[in-house]
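Worksheet: the structure to be examined is printed underneath.
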Amino acid sequence: MNTLIKTSVRLLFRTKGFWFFLILAPILSTVVLKNKFDSSAAYVNQKDEIIEMENASDKVAYYGSGGEYIVKVYDGSDSELSEYMLNKLAKNGLFTVCRAKVSDDFDIDDQIKKDGEEDRMGVALYLPKDFDERAINGDYAEALTVYTLSDDSRNEALMESVKTELSLFANAPVMAEERDASSVLDTLANVDDNLPNKEVESIGGKDSRELSIKQVNQKTQIGYAFAFMTLGFVFCGIFVAHTVIKEEKNDVLKRIKLTKTSTLKYFASKFIVAAIISVMITVVVAGFSFFLTPDDIGMSRLKFIAMMFMLGLIFCTLSMLVGILMGEVMSANVAAFTVWSMSALLSGLYFPLDYTSPFLKTLSLFLPQKWFMDSTEMILVNDNGAFVMLICITVAYMVVILSLGSIGLKVKRTEQ
């Protein structure tokens, strides 16, 4: 057994592709975790506040993945009254308000044409520079321009809400001698203070977890890191399968059997080699992790390394088994790439699965990365049950892989 393991490891060390994936995957995952970016638009429900757009050409369709009614606002006034009105619309609960602040020379007609062709929203609003003056004077037609870009039945509800807010600006009684934006806002603020406070009680299931925007970004980056690491684990495992395929074709396996080494022991040695590879990659990950801070990954370095080891153990053994069953180097490589790409895509590493079909959500439960992403959430919210679940998941997958592997190898030997 020891001789078989040492020989397999030596063969791997002579393979340039093995070293490529052994080093590249940890480097890519480290770079992803080190570079901060905001991905909360795809994960965080922000419809009760104004979503600020960096520029007018930004797409708002991303905020409507759950069927939300999107209102895109081109705010040329950037005034207190426009802020008040848009906040009231956002807090209404029916609309998701996305605002882009624009200049006086902004070409609204050209942008609306692009939005109609390239984006998706219910309505677009344009507020001119003199919005406050026109709204206070009751000149509603000139105070804002409404562009209806869908036949959504909620268009009427939005228009009624806008009319209500504009009428308040024109009809609010003021104590000051001059009727200006500040005096109108003071009056409306006093009215709002006397209204009952709306309290929202969030009732979730026992597995629901509320993440902050920072934690959402950390989870997203860890998901991308898992994707890169899975690529490394899968192809490092497939290189072990390459050695088995070559040994079978070169009759090395027959000579090994002549030494009274059983087939079971031979394949057991390969599984041990796959586990050793997982340890090696984890050591490399641990080395690069010193370039990261706990704030980069949202958890302690030890927890992060332990998660990577368990993920690697699953995918190294899985890809090795798939490669062996394929029986050809090229077929094994294609199978490995398919395992990596499809499992990462369908498990929520690249995008949330909240608004996907029930079938895809059920399918994701069979993929290891889905459980590791759930465990990441649990760790981020300090749930102590995360690693108990991870250990159980890892053991379960290893049992399934070994069981299916033994059946597959028996069928393969029978066919031969």
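Report yes if GLY348 is part of a loop (DSSP other than H, G, I, E, B) and either surrounded by 20 or more Cβ atoms within 10 Å (Cβ to Cβ) or modelled with pLDDT of 90 or more (or both), otherwise no.
The answer is yes for GLY348.
Take segment 286-301 and flag every residue that is β-branched (Val, Ile, Thr) and open to solvent by 30 Å² or more (accessible area, probe 1.4 Å).
Matches in segment 286-301: THR293 only.
Within segment 302-320, can one find any residue that is open to solvent by less than 30 Å² (accessible area, probe 1.4 Å) and outside any helix (DSSP H, G or I)?
Within segment 302-320 (the criterion being open to solvent by less than 30 Å² (accessible area, probe 1.4 Å) and outside any helix (DSSP H, G or I)), the answer is no, since none of the residues qualifies.
Among the residues of segment 383-402, are any in contact (Cβ under 8 Å) with a residue 60 or more places away in the chain, open to solvent by less than 40 Å² (accessible area, probe 1.4 Å) and touching a Gly at 6+ places or on another chain (Cβ under 6 Å)?
Checking segment 383-402: not a single residue is in contact (Cβ under 8 Å) with a residue 60 or more places away in the chain, open to solvent by less than 40 Å² (accessible area, probe 1.4 Å) and touching a Gly at 6+ places or on another chain (Cβ under 6 Å).
Considering only residues of segment 144-163 that are in contact with a Gly (Cβ under 9 Å, 6 or more places away or on another chain) and in contact (Cβ under 8 Å) with a residue 40 or more places away in the chain, which is nearest to LEU127 (Cα to Cα)?
Among those that are in contact with a Gly (Cβ under 9 Å, 6 or more places away or on another chain) and in contact (Cβ under 8 Å) with a residue 40 or more places away in the chain, it is LEU158.
Can you confirm whether LEU125 is open to solvent by less than 60 Å² (accessible area, probe 1.4 Å), among the aliphatic types (A, V, I, L, M) and touching a residue at least 40 places away in the same chain (Cβ under 8 Å)?
yes
Working only within segment 69-91, note down all residues that are surrounded by 22 or more Cβ atoms within 10 Å (Cβ to Cβ) and of a type in the set (Lys, Arg).
Passing the criteria: only LYS72.
Could you list all residues from segment 79-108 that are over 16 Å from LEU166 (Cβ atoms) and assigned to a loop (DSSP other than H, G, I, E, B)?
Of everything in segment 79-108, those that are over 16 Å from LEU166 (Cβ atoms) and assigned to a loop (DSSP other than H, G, I, E, B) turn out to be GLY93, LEU94, VAL102, SER103, ASP104, ASP105, PHE106, ASP107.
Go through segment 406-416 and count every residue that is modelled with pLDDT of 75 or more and crowded, with 16+ Cβ neighbours inside 10 Å.
Residues flagged as modelled with pLDDT of 75 or more and crowded, with 16+ Cβ neighbours inside 10 Å within segment 406-416 amount to 0.
Would you mind stating whether ALA275 is open to solvent by 10 Å² or more (accessible area, probe 1.4 Å), of a type in the set (Gly, Ala, Ser) and modelled with pLDDT of 75 or more? Please lay out each step first, then the result.
On the way: open to solvent by 10 Å² or more (accessible area, probe 1.4 Å): yes; of a type in the set (Gly, Ala, Ser): yes; modelled with pLDDT of 75 or more: yes.
Considered against the rule, which asks whether it is open to solvent by 10 Å² or more (accessible area, probe 1.4 Å), of a type in the set (Gly, Ala, Ser) and modelled with pLDDT of 75 or more, ALA275 comes out as yes.
Working carefully through the options ARG134, ARG209, find the one that is buried (at least 17 other Cβ atoms within 10 Å of the Cβ), of a type in the set (D, E, K, R) and modelled with pLDDT under 90.
Going through ARG134, ARG209 in turn, the sole match is ARG134.
Among the numbered criteria (1) at pLDDT 90 or above; (2) open to solvent by less than 40 Å² (accessible area, probe 1.4 Å); (3) of a type in the set (A, V, I, L, M, F, W, C), which single criterion is violated by VAL283?
So the condition that VAL283 fails would be (2).
The values are calculated or read from the model by the stated rules, or taken from the named source; none is laboratory data. Quick caveat, the model's predicted, so the values are computed rather than measured. For neighbour counting, all protein chains shown are included, and Cβ atoms are generated from backbone atoms with ideal geometry for every residue, glycine included. Please note that ligands, DNA and RNA were not included when accessible areas were found on the heavy atoms of the full protein model with its side chains. Shrake-Rupley method; radii C 1.70, N 1.55, O 1.52, S 1.80 Å.
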